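The values are calculated or read from the model by the stated rules, or taken from the named source; none is laboratory data. Keep in mind that what you see is a predicted model, and the values were worked out from it rather than measured. When we count neighbours, we look across all protein chains shown, and the Cβ atoms used for this are built from the backbone with ideal geometry, even at glycine.
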Amino acid sequence: MLGLLLLAPACLHRQATLFVGTYSDGFYALDFESGEVIAKAAMPNPSFLALHGSKVYAVSEMPDSTASVYAWHYGGNGFTCLGSQPTGLPQGGEDPCYVATDGRLLSVANYSGGTLALYPLQEGGGIGPLDSLIVSGTGGPDLSRQDKPHVHCTVFTPDGKHLLFSEFSADAIGSLDITGRISNYRIAARLPADFGPRHLLFDAPGTHLYVIGELSGDVAVFDYRDGSLTLRQVVKADQVNARGAADIHLSPDGKYLYASLRLLNDGIAIFSVAADGTLTSRGYQHTGPHPRNFCITKDLAIVACRDSDQIEIYRRDPATGLLQDTGRRIHLPKPVFVALQP
């Protein structure tokens, strides 16, 4: 059952659309001011979305042969399906959990399958047949969670030359050359043992890469230049060893970084960002249970709390980076992705 609870005045984001992915039977476009559903795209477990103009690419995070990635057109009041492709089965496409695009290629991280799948995009935004399937590695010390390959995130480098992906079980960052024919898979960087890299994030200039470790609860800071990564800093985000770090985002001005943490002491760690990209802890905001994903705007943090079936809205102070709960809640089943589009 859908509903909206307003405990505080709506923040000033008129005519903005909130896209919400779920562990349910579809994803949504909402009018952010009112919280009302504009449209729903029906598909199983659309846990992560990539927005590209009027196109929405959504993974169907399923543990079997139905695991797929879908292309949709959003016309302002409804979704039209442009088709789908399987995510690599039987070679290892189970549980696709992340999707990204540079407008030419589409990349999908298959968590349980332990692979990175790459597809060409067709004219009109449809997805072409699978082009490449890269199998990740192992080697991490956690024999219960790093015993087989897992891939959790992919990101295109800002210079357009490479595709990076998190090799969760190998405590590494993989890299592909995408300047021509996809080739030259290599390990771009090693992370400390038991790190469990999950999400990757570039800053706006494209000179620093941030990596959150699901297992360690740390954030690693890399310098990036011409395809090379140099580790600059590792800083602690999870202070209680919950081993459930999830998502990271920068503020639009690049001055603050936020990291969501789950399983214990659920909330968001807040860091200031220095000119050299390094981080300093500035605070912590408790949230509802299981803040798997969130987004940051100039004056808001919007948090998808999976286990309460709620999206929580926080006011963000651009000067200090700190968050304050507005009390506003949007109710949807198992929300696990949010993105606000003006």
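For the list (1) crowded, with 21+ Cβ neighbours inside 10 Å; (2) closer than 16 Å to A172 by Cα, I need the number of the one condition that P141 fails.
That leaves (1) as the condition not met.
Could you list, in sequence order, the residues of segment 190-229 that are on the phi < 0 side of the Ramachandran plot and out of contact with any strand residue (DSSP E or B) (no Cβ under 9 Å at 6 or more places or on another chain)?
Those that are on the phi < 0 side of the Ramachandran plot and out of contact with any strand residue (DSSP E or B) (no Cβ under 9 Å at 6 or more places or on another chain): A193, P205, R225.
Just one of (1) in contact with a Leu (Cβ under 8 Å, 6 or more places away or on another chain); (2) surrounded by 16 or more Cβ atoms within 10 Å (Cβ to Cβ); (3) not small (G, A, S) trips up L261, so point out which.
(1)
Does T66 meet the test of being among the polar types (S, T, N, Q), modelled with pLDDT of 95 or more and surrounded by 21 or more Cβ atoms within 10 Å (Cβ to Cβ)?
Against the criterion (among the polar types (S, T, N, Q), modelled with pLDDT of 95 or more and surrounded by 21 or more Cβ atoms within 10 Å (Cβ to Cβ)), T66 does not qualify.
Name the strands (runs of 3 or more DSSP E) wholly inside segment 247-342 in which the number of residues that are farther than 29 Å from V59 by Cα and either aliphatic (A, V, I, L, M) or at pLDDT 95 or above (or both) is 3 or more.
267-273, 279-286, 323-331
May I ask you to say which residue of T154, T138 is within 13 Å of P197 (Cα to Cα), assigned to a strand (DSSP E or B) and not charged (D, E, K, R)?
Testing whether each residue is within 13 Å of P197 (Cα to Cα), assigned to a strand (DSSP E or B) and not charged (D, E, K, R) leaves just T154.
May I ask you to list the residues in segment 249-280 that are of a type in the set (S, T, Y) and within 20 Å of the chain's Cα centre (by Cα)?
Correct list: S251, Y256, Y258, S260.
So which residues in segment 98-110 are buried (at least 24 other Cβ atoms within 10 Å of the Cβ) and either of a type in the set (S, T, Y) or not in a strand (DSSP E or B) (or both)?
Those that are buried (at least 24 other Cβ atoms within 10 Å of the Cβ) and either of a type in the set (S, T, Y) or not in a strand (DSSP E or B) (or both): Y98, S107.
With respect to L191, is the statement that it is among the hydrophobic types (A, V, I, L, M, F, W, C), farther than 16 Å from A109 by Cα, more than 18 Å from the chain's Cα centre (by Cα) and surrounded by 23 or more Cβ atoms within 10 Å (Cβ to Cβ) true?
yes
Within segment 118-168, track down each residue that is among the small types (G, A, S) and within 18 Å of the chain's Cα centre (by Cα).
Answer for segment 118-168, where residues must be among the small types (G, A, S) and within 18 Å of the chain's Cα centre (by Cα): just S166.
Failed condition for L130, given (1) assigned to a loop (DSSP other than H, G, I, E, B); (2) over 23 Å from H73 (Cβ atoms); (3) not polar (S, T, N, Q), with all others met?
Among (1) assigned to a loop (DSSP other than H, G, I, E, B); (2) over 23 Å from H73 (Cβ atoms); (3) not polar (S, T, N, Q), the lone unmet condition for L130 is (2).
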